[in-house]
Structures are given as structure tokens and as C-alpha cells.
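Notes follow once the structure below has been shown.
Throughout, read-outs are computed from the coordinates displayed, never taken from laboratory work. All figures in this text were calculated on a predicted structure; none of them were measured in a lab. Counting neighbours? That spans all protein chains shown, and the Cβs are built from the backbone with ideal geometry, glycine included.
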Amino acid sequence: MNVSGLFLLAVACTLHLAAVAQDEEPMQRVEVPGEFSSEQSYRRMLRGLEKFESLRAQAPNAVLRFRMHGMERDVKPQTLRLALQSDSVKLPLEHDDDASFALPVNEAAQREDAALVANRRTGSVYWKPQVITPGLPADTRRLGDLRVQCQVTYASGLQHGGLGFLSKMIGQCGPKLPFFFLAEREVFAVTVQAPGRERHLLGPALPEHAVTKSSRQRNRYYLPPISEEQWPDDALVRIHYVDSDGQPPSDNAAVFEQDVARLVPGQTRKADLPALLARGKTRSLSQGRELWSVLERAPLPGKEKVDSVAELALLFDSEGVLRKYQVRTALVDRGNLRIIADGKTK
């Protein structure tokens, strides 16, 4: 990502935070049982389904479902009612426990410009596609699935705010307009793996906020390398959640060698690391946890305009006890965030 890309990212985030997805074509008003109604154009969502089918080669075994997310509160599936409605179509839709559903194909509903409606207040929820290959662990996504999910999001008009406008100028799902994905829970680290390659995403790819300022979605976004062609579709993206057990894998970085030697999850405390934490920045998480990041960046000897970046991320519980840590390294273009080489490239 170059400097102009960073500017566009700032513009995109501003537009993200200004509004939820806006309609590009008029939709008829319909009613669904419940006090309030939130709706989406059926025709637009069908365009997402068509895009998914056209990209089957990238996600041959994946399943497309659309999912409702709450802005500030969880979507309670036991009270959620979904329906596809038009002049002649009144079709209730069943959903799973995660508020996701399969989009049916109904010619009458398409012809009559039906709407998909839900008994939720407009603005309190938003709709997103999810493309997932069955059989993968719950904390793992396939990179090809994520690439297709990005394309389906734009095709169905379910991107947030002004991203539709920006994407028409500079392209969708490419390097100039980053596309953030929402994880199920707070994220500590993300590892991308392919034969001979491994990348631990740096802190800027794991922002506190990305698409919205919703407190419920804080620290849940991540930015995998969907626009980098050298990563195959079969690459796996593993999400290391804040509340999950186990220590995530790390790179080796000489600048942190002595610091890491002192770290013992479950024993080391914040009070034991005053000099290290004085070099870092902190972020508040849920349940009193804290995420610390210490970033070191230096010119790479013998290389013009290339910096070596090393980051040490540390997770402390509400008692100030270290729970996990990770060292992340990469070579980047000086002055921007474009990664030239990963920490573990064989």
C-alpha cells in the first residue's frame, strides 16, 4: 500500500463510520412481524449469489450464506424473523443460530422487486455475505473464500458507506482499497499459511476500529492479503482469539530476543516489564484485558527504501498477568505499509 493508498484508506474509513450501507435503487416498503423493520433489496442480493457462482474456481467447496450482524447488540436468533416479500410472495426464511441464512431463488420475487425484511430497527443491524468452506476449524478461513466474499459483498451492494463509490474509481478488493473482515470475537493475532510461507499480520492489519465505531465490533477486524497474488487461494488464515487457549506461533527477531527470553505466560506480570512497555502502546480490550504492542522499525542494511519491522504483541489479563505473546516480522517499503517479504519465507 503506497502513500496515496493510505490516503484513500483514511477517506474510506471516514465514509465507513459515517453511515451503514446505502441503497443504490429504490425498494418497496413492506412489513414483517415486529415493532421495527430492516430490509434489503432481493435483486441486489441475487447479484451477489450470481457473483459467487461465477467465482466457483476460487472457492470450489465453499457455501454462501448471508448473515445479519448487530451494530451494538447481538442479534438474538430466537426472536429474529426473516421473510422475502413482494406483492405476491410472502416467504418466511429459516436461519441458523448465527443469524445466517441461504438466499432462495424465486422468479416471482425477483420480477416484483421483492425485499428481504427482518424484525429489527433500521440502522441497528447490517447484512453481510459469508463464504466458508465446510470442515475447516472454527478459527480458520481459506484465503480464496475471503477473496470471493469480498467480491460478493460489492456485487450485492452490502459494502459500508462510501466504499461503493470509491471502488468504482480505484477497483474492488485490490491493494488500493483495503477490505477488512470481521472475526467472531476479539482478535489477538492472525497467521496466514501456505506451503513455504507464513505471515503473522502486523498490528496495523488488526485495527481497533475499521468499518464502524460500534463498541461490539472493537478489536475484531483483520486485513488478510487477499490482493497479493503470490498467496494461493488454498492459503489458510488462522485467527488467534483473545479468549482462546494456547500460544500463537512467532517469528524470530534479534531486537526482541532478550525480552522474549523473560516472558512466561501465566507468570510474567506487567510490573516486571517497565522498560519494555515504556517503548510500546496499549489498547483496552473487554473484561479488563490489555493488548500491548512494541514496534521496532529500522533501515535494512544494503537495501534502499526498505525497512525491517519487528513487533512484539503482548496480552495481559485484568490482573496484569501475561497470557500470550507473539513476535511478528516483515520487510516493508520505507514510508508506507506495503510488505516486501514475510517473516517466514522459505
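General remarks:
- Couplings for the stretch 49-62, taken from phi via the Karplus curve 6.51 cos²θ - 1.76 cosθ + 1.60 with θ = phi - 60°, read 5, 5, 4, 4, 5, 6, 10, 4, 4, 7, 9, x, 10, 7 Hz in order; Gly and Pro are left as x.
- Relative contact order for the stretch 233-346, counting Cα pairs under 8 Å that sit 6 or more residues apart, in percent: 25
- Taking a ≥ b ≥ c as the square roots of the eigenvalues of the alpha carbon gyration tensor, the stretch 54-173 is rounded, as a/c is under 1.5.
- On the beta carbon distance between residue 124 and residue 87, with R0 = 30 Å, the FRET formula returns roughly 0.65.
- Quarter of Cα convex hull surface for the stretch 239-330, i.e. mean projection, nm²: 6.5
- Full extension of the segment from residue 54 to residue 96, taken as 0.36 nm per residue of separation minus the current Cα-Cα distance, would add 12.6 nm.
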